[in-house]
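The values are calculated or read from the model by the stated rules, or taken from the named source; none is laboratory data. Just so you know, these numbers come straight off a predicted model, no measurement behind them. Don't worry about glycine lacking a Cβ; one is built from the backbone with ideal geometry, like all the others, and counts go over all protein chains shown.
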Amino acid sequence: MRPTNETIRVDGREIPAAVIAAEAQNHPSDDPDTAWAAASEALAIKALLLAEAYRVGIEATALEDDRGRELAPDDARIEALLESELSTPEADEETCRRYYERHIAQFTSPDLVEASHILFAAPREDESAFAQAIGDAEATISELQEQLGLFSDLAQARSACPSASQGGNLGQLGPGQTVDEFDTFLFNLEEGQLCPVPVKTRYGAHVLKVGRKIAGRTLPFESVRAKIASYLEEASWRRAVAQYIGILLGRARIEGIDLNGNSDPLVQ
């Protein structure tokens with residue numbers, strides 16, 4: 001859909017440019033035309049739904065949104081229309097279990113790794129300081145290769161990270177909880193292994209030691225069944241709403257916007 005930045009009409013009813021401009025505030029975008037287009041589409045669809053609600057005699061009743069706030073009368077009328085006109089099935093046991101089995105990776109907890117580090121802080125853009133940090137990390141690695149048991153003491157004495165007070169212990173980490181460079185080494189080293197080279201990040205140079213590795217586990221179906229049912233029922237509802245709106249669009253005359261991407265107003 002391409003905006004015209006002018007009024008639009010839905011079955012002859014005008015939606016002024018000022019109303020579209022106000023609605024555009026609810027569709028933030030770096031491109032003003034994109035925000036205008038989204039606002040125009042939202043208002044056109046709302047107008048269609050309201051017109052249908054009035055046509056079939058839907059009354060506005062007091063309804064609340066997911067946060068417990070009372071809906072505006074027009075929004076309440078649209079919600080009542082959809083509840084009246086649409087019916088979607090509940091997700092039964094078989095459907096939920098089939099989804100679970102086909103998407104088992106979604107229900108597996110991530111691998112965890114216990115890690116400790118010693119940070120020699122330096123900004124990457126300061127070449128001299130960063131080179132010094134790398135040198136200090138390399139020297140510390142050499143010491144630890146002789147006596148790994150000194151790790152906690154050296155972390156307390158040398159690390160620029162707050163974890164120094166805990167001997168460099170970072171606790172259990174999952175994928176994506178640290179910067180990419182750290183993750184790369186963290187999940188590829190063996191349990192109990194000292195990384196043989198400094199890990200270079202935007203924070204400086206790290207001496208990394210991997211502790212216990214905990215493999216992810218698959219959550220049992222019973223613990224996620226309700227979540228799956230809720231997801232499937234919501235998806236089914238959204239499809240039904242989209243199909244219903246499509247039917248309304250199919251018999252409407254909309255001018256000033258182009259829902260099909262053509263240059264002329266859409267006339268259905």
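Points to keep in mind about this one:
- Yes/no for Phe221 being surrounded by 14 or more Cβ atoms within 10 Å (Cβ to Cβ) and at pLDDT 95 or above: yes
- Filter result for Glu191 (over 30 Å from the mean Cα position of the chain (by Cα), surrounded by fewer than 18 Cβ atoms within 10 Å (Cβ to Cβ), under 27 Å from Ile104 (Cα atoms) and not aliphatic (A, V, I, L, M)): yes
- Complete set of residues in the range 26-53 that are within 23 Å of the chain's Cα centre (by Cα) and without any contact (Cβ under 8 Å) to a residue 12 or more places away in the chain: Pro28, Ser29, Asp30, Asp31, Thr34, Ala35
- Positions within the range 32-63 being in contact with a helix residue (DSSP H, G or I) (Cβ under 9 Å, 6 or more places away or on another chain) and charged (D, E, K, R), in sequence order: Lys46, Glu52, Glu59
- Residue check for Phe120: over 25 Å from the mean Cα position of the chain (by Cα), at pLDDT 95 or above, assigned to a helix (DSSP H, G or I) and surrounded by 13 or more Cβ atoms within 10 Å (Cβ to Cβ): no
- Residue list for the range 166-211, restricted to those being among the small types (Gly, Ala, Ser) and assigned to a strand (DSSP E or B): Gly171, Gly204, Ala205, Gly211
- Any hit, the range 165-177, residues being over 30 Å from the mean Cα position of the chain (by Cα) and either surrounded by 17 or more Cβ atoms within 10 Å (Cβ to Cβ) or not assigned by TED's automatic domain parsing to the domain that holds Arg124 (or both): yes
- Residue count for the range 66-104, restricted to those that are over 16 Å from Ile45 (Cβ atoms), in contact (Cβ under 8 Å) with a residue 60 or more places away in the chain and among the hydrophobic types (A, V, I, L, M, F, W, C): 3.
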